[in-house]
Structure formats: structure tokens, C-alpha cells
Amino acid sequence: MARTVIPFGPQHPVLPEPIHLKLELEDEKVIGVMPVIGYVHRGIEKAAELNTFRQNINLMDRICGICSFIHSLTYCQGIESLIGVEVPARARFLRVFWSELSRAHSHLLWLGLLADAMGFESLFMQCWRAREMVLDISEMTAGHRIIQASCTIGGVRRDMDEEMVREVEKRLIALRQLVDSSIHGVFLHDPTIRQRTAGKGVLSKDQAEVLGAVGHVARASGVAVDMRQTGYAAYGELGFEPVVETGCDSHARVVVRTRELYQSIDLMRRSLTAMPDGRILIRVDGYPVGETVSRCEQPRGEVIYYLKGNGTNHLERLKIRTPTFANIPPLLAMMPGCELADAPVIALSIDPCISCTER
Amino acid sequence: MGIMNRARIKSPWLLHFDCGSCNGCDIEILAALTPFYDVERFGIVNMGNPKHADVLLVTGPANHRNQRVLSNLYEQMPEPRRVIVVGTCGCTGGVFHNCPNVLGGIDRVIPVDVYIPGCAARPEAIIDGVVLALESIGAHGK
């Protein structure tokens, strides 16, 4: 049988971002896949050395527009540990709130894109309708729909008053009802979704561990790994159990994410209830010295920042390992053996975020 | 205004290309297509094929690797075509201005008709920009 190579991307309707996969086919079966990346490489790590460490917060916010708050949170936590700052309690709870808000928005976005990739357009519209509610909350609390930009070194930039907390509570309840009525059940039980995802893109628990999968890819394969277990920000006080499924396929990944959506809404409400009064920001003097590693859980998995400061206004080195980068080797293990028509769904099932990966 | 241009203005087809943005503007473009903003009621449809497209929506700054892909897409679009840049970084380089792999704004690579600033640009601003581009087709007829 002759082999054909089909280019998938860089500009492709199901991909919001440019990644190029060379799919090697035998008949309709994919037997090999080779990723070609670099289309959105900007050189942020180098630019982070050229900027001052305070300017970098704005740059980190814009590594990825989807998980922007968690990027700046990870960066700020790294700088805080280098300078030795204790963040006020209220700020830590607000950080959890905005982290979970961006997680809810990212999960709804992904669920919608996945539905769109398998041609289920009305479900795509439902997910994005629910996502608008999340973005409204974001705009109300942080002043911007996508890039919250509310994290800073020593705390957060914005506070929420009583009235706003009550309004957010009300909207979160409405969001939960909408997810309940028109999203959760469809993803769990709809026969079309099951056919397109169940048994597709299988990654066994051993493979997930060996290949170093992170985030929902690992948790859908039965590996209970979630950086929120380390208790950064206020996750330690709020109590946290990772969502784990053992299906190992694309459907398990969908289930993990729909369950995490509920978990995020729940965590947001609990963080607002448990939030103590007090300051949201403390003054930070001094410059970062030494090196540290800062880890957080992004919607897509664990993000690692390595920071090295030399006591000046500029960082000596900033290295970012993003979750999609860790999930590309598992993707390459999932693809061989699948049908060509399933390739977009499997590629999307790891929720690739290329602008994070290439920076 | 001939019948072709009248049809174009009534139903412009968009091609979206992410040229290295942070995704912020891309998801706002997608959001403009979903129920809350729903640009499809104005006849605006998102296309995957450059040969079918009237308007190219570009997000993000141009860089060394994708400038060839970008000019390739532009070349494939039939006249009259309009290029709209969405987001501050696509207009000037913005927050990425000093990144080593970034060339600067999209206008370093292909001619741009409408600039939409904002980081990320709001869906209302994007719809406004598309309308501006269409007006220019109507005014010049090419």
C-alpha cells in the first residue's frame, strides 16, 4: 500500500491556531504523525530578560489569551518567592477566584470547539453562550473580557465589594443551571458525541506516566496529578480533590472537563464565601535574587516557570514549560492507528494551546 | 456599484488567520460568530478557504516564520480583498515589540486596510472594523 502524506494546518478551519501536523496515511489509516511548530513563536522568554521584572507581568498576561491570569499568577508567585513576600489572605482568595474563572471560560471554550470539530454546531453555540456569562463576570470583576490582568507582585490589582460578590454569586448559580440543562448531559450521554470520542485517542495509564502527560490528559488516564493539590494561593485552605477518570480515551477527557467545570464554579463560590476582609496588595521593595521554580495548574495542565534573578531590575533567565508542550508526546502516541476523519478530534482532545507552547 | 459588489457587501466571507497572537483576539473573533453577537445575521460567514474569502482577518504580529504563510494566503484571495488587523500587537507589534522573532505589525508583510486596536479587541470593535472595510469596497468599487 502506497503511503500518502497529508498536511494538516497551519491554517485549518478546526484550528484556531497554526500548528502543522504531517499525517502519514496508509489508505484511510494514520500510521505516523510529525508535528511542525514555530508559527507563533515570538521569543517571549528573551523579551522577558529585556523588560524589567515588573513590566513582565503585562507580557506574561499575553503569553496566552485563554489562560492569561494563571500565567501572570505563576510569574508573580515566582517573583514573590524570590523577594520573600507574604501575600495578603484576601488577595490569595481573589487569585483563586480569577484562576477558576479563567478555567471555566477555557473549559467551555474547549468543549465548544470540540463539538464544532465533530460538526455538532448547536452544541458549540450552547457552550459559547454559557461562556459569555463567564466573560461577563470577568468584565464586571476585572474590567476585561479576556485578559483579566488583575494579578500583580504582592497581591491583586482589583477588589470586589459586597454588592459585586452577591451579583457574581447570582450569575454563577445561573451559569450552573445552564450547564446542567443544556451542556453536561449532552456531553455525557449523546450518542453522536460518544461515537466520535469513545475509544478514540486511547492513552493508557502507563503511557500517560511514561510520556509525562499533564492536566486533563493525565487525569482522564487515571493519573491523579493536579498542581492545585500543592495548595498554592488559597487552594490549601479551600480543600481540593482532583477529578480523575479511568476511561483513557477522548470521551474520558470530555468527562473530566465537564466535571471540572462544576468544580470550578464550586471553587469560585467557596472562595468568595471564605474570603476574609483586609488588604489586597502590599508594597514590594527589593529585587529578585537567586533561582526558583513556580508551578500552577492551568486549564490544560501544569505550567512550570523557572526564574533566575541577579538582584537587578531585570531577570537573568525566565524559562516556561507549558502544559501543551508536555502533552504533545502523548498526542503522537494516540494518533497512529486512527482514521483520518478522527484526527482533528483527537488533536483537539488534548486541547492544544499553541501560543503557550511556542511563546 | 455593480451587482457583484452589492452582493459582497451584503454577505462578506471572512478568512481568519492567527499570525502569532496570544489567542485573545482569535477567541473574540469566534465569539463574534456565536449567539450573543451573531454576525451571521449580517451575512458574515467564517470560511476556511482563502479562495472563497473577501476579507482577511489577521491577529497577532508578523514573525519570520509565518510571514510566508500570510503572504501566501493573501495572494490566493480574489480581488477586491480587504485586510483587517485585529489587536494592538497586529497593528504595531504592541506588547511583543521587543521580542526577537517579531517583525512588527502585519503591514510590514501585506497591505492593511483597517486597523482594530485593543488587547484583546472586543467583538463589537471587530464587527465595526468589518463594516468599515465593507464601506470602502462600496465607495471604491474595487
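The values are calculated or read from the model by the stated rules, or taken from the named source; none is laboratory data. This is a predicted model, so every value here is computed, not measured. Don't worry about glycine lacking a Cβ; one is built from the backbone with ideal geometry, like all the others, and counts go over all protein chains shown.
Computed quantities for the displayed model
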read-out	value
Pair list, Cβ under 6 Å, 6 or more apart: region B:4-31 residue more than 14 Å from every other protein chain (Cβ to nearest Cβ), other residue assigned to a loop (DSSP other than H, G, I, E, B)	B:Asn5/B:Gly141; B:Arg8/B:Asp54; B:Lys10/B:Gly43; B:Ser11/B:Gly43; B:Pro12/B:Ile44; B:Pro12/B:Asp54
Yes/no for A:Ser68 being among the hydroxyl-bearing types (Ser, Thr, Tyr), within 11 Å of chain B (Cβ to nearest Cβ) and in contact (Cβ under 8 Å) with a residue 24 or more places away in the chain	yes
Members of region A:92-119 that are in contact with a Cys (Cβ under 9 Å, 6 or more places away or on another chain) and of a type in the set (Gly, Ala, Ser)	A:Ser99, A:Ser102, A:Ser106, A:Gly112, A:Ala115
Scope region B:1-41; condition more than 30 Å from A:Gln148 (Cβ to Cβ) and either surrounded by 15 or more Cβ atoms within 10 Å (Cβ to Cβ) or touching a His at 6+ places or on another chain (Cβ under 9 Å) (or both); matching residues	B:Asn5, B:Arg8, B:Ile9, B:Pro12, B:Trp13
Matching residues, region A:155-177, being touching a helix residue (DSSP H, G or I) at 6+ places or on another chain (Cβ under 9 Å) and outside any helix (DSSP H, G or I)	A:Gly155, A:Val156, A:Arg157, A:Arg158, A:Asp159, A:Met160
Per-region count, region B:56-69, residues surrounded by fewer than 22 Cβ atoms within 10 Å (Cβ to Cβ) and either more than 8 Å from chain A (Cβ to nearest Cβ) or at pLDDT 85 or above (or both)	3
Hits in region B:32-53 (condition: within 12 Å of chain A (Cβ to nearest Cβ), out of contact with any strand residue (DSSP E or B) (no Cβ under 6 Å at 6 or more places or on another chain) and part of a loop (DSSP other than H, G, I, E, B))	B:Thr34, B:Pro35, B:Phe36, B:Tyr37, B:Asp38, B:Gly48, B:Asn49
Qualifying residue in region A:2-10 (condition: aromatic (Phe, Trp, Tyr) and more than 12 Å from chain B (Cβ to nearest Cβ))	yes
Residue match in region B:72-85 (condition: over 16 Å from the mean Cα position of the chain (by Cα), part of a helix (DSSP H, G or I) and polar (S, T, N, Q))	no
Any chance A:Asp180 is in a helix (DSSP H, G or I), acidic (Asp, Glu) and under 21 Å from the mean Cα position of the chain (by Cα)	no
Search result, residues across region A:35-65 that are more than 9 Å from every other protein chain (Cβ to nearest Cβ), at pLDDT 85 or above and assigned to a loop (DSSP other than H, G, I, E, B)	A:Thr52, A:Phe53, A:Arg54, A:Gln55
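Yes or no, residue by residue, for (1) assigned to a helix (DSSP H, G or I); (2) touching a residue at least 12 places away in the same chain (Cβ under 8 Å); (3) surrounded by fewer than 22 Cβ atoms within 10 Å (Cβ to Cβ):
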position: A:Thr273; (1), (2), (3): yes, no, yes
position: A:Val303; (1), (2), (3): no, yes, no
position: A:Thr324; (1), (2), (3): yes, yes, no
position: A:Pro329; (1), (2), (3): yes, yes, yes
position: A:Pro336; (1), (2), (3): no, yes, yes
position: A:Asp351; (1), (2), (3): no, yes, no
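Residue-wise test of (1) loosely packed, with under 14 Cβ neighbours inside 10 Å; (2) more than 20 Å from A:Ile346 (Cα to Cα); (3) modelled with pLDDT under 85; (4) not acidic (Asp, Glu).
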| residue | (1), (2), (3), (4) |
| --- | --- |
| A:Met160 | no, yes, no, yes |
| A:Leu175 | no, yes, no, yes |
| A:His189 | yes, no, no, yes |
| A:Gln195 | yes, no, yes, yes |
| A:Asp206 | yes, no, no, no |
| A:Gly215 | no, no, no, yes |
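The rows are residues; the columns are (1) within 14 Å of another protein chain (Cβ to nearest Cβ); (2) touching a helix residue (DSSP H, G or I) at 6+ places or on another chain (Cβ under 7 Å); (3) more than 26 Å from A:Glu80 (Cβ to Cβ).
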position	(1), (2), (3)
A:Gln298	yes, yes, no
A:Tyr305	no, yes, no
A:Asn310	no, no, no
A:Ile350	no, yes, yes
